[in-house]
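Novice: Could you have a look at this structure, given as structure tokens, before my questions?
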Amino acid sequence: MKARQKQDLPQKICPVCQRPFAWRKKWERHWDDVKYCSERCRRERHAART
């Protein structure tokens, strides 16, 4: 089986930093629940609302 190209992977936009981030193997089982691109953005999610 061939590996997928990075540009072929699903992407989302991080609501904190507004940058696109791509699917990762470690998010395979819960991709629908992933909202933030990094732990840093997850921690700063409340600061972005104000």
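Novice: Are there any pairs, at least 6 apart or on different chains, whose C-beta atoms fall under 7 Å, with the first in the stretch 12-35 and in a helix (DSSP H, G or I) and the second surrounded by 13 or more Cβ atoms within 10 Å (Cβ to Cβ) and among the hydroxyl-bearing types (Ser, Thr, Tyr), and if so, which?
Specialist: From the stretch 12-35, no pairs qualify.
Novice: Also: Would you point out the residue of the stretch 11-33, among those that are closer than 15 Å to residue 45 by Cα and touching a Cys at 6+ places or on another chain (Cβ under 7 Å), that is surrounded by the fewest Cβ atoms within 10 Å (Cβ to Cβ)?
Specialist: 19
Coordinate-derived values only; no laboratory data. What you are looking at is a predicted structure, and each value in this text was computed from that prediction instead of being measured. Heads up, the Cβs are rebuilt from the backbone with ideal geometry, glycines too, and the neighbour counts pull from every protein chain shown.
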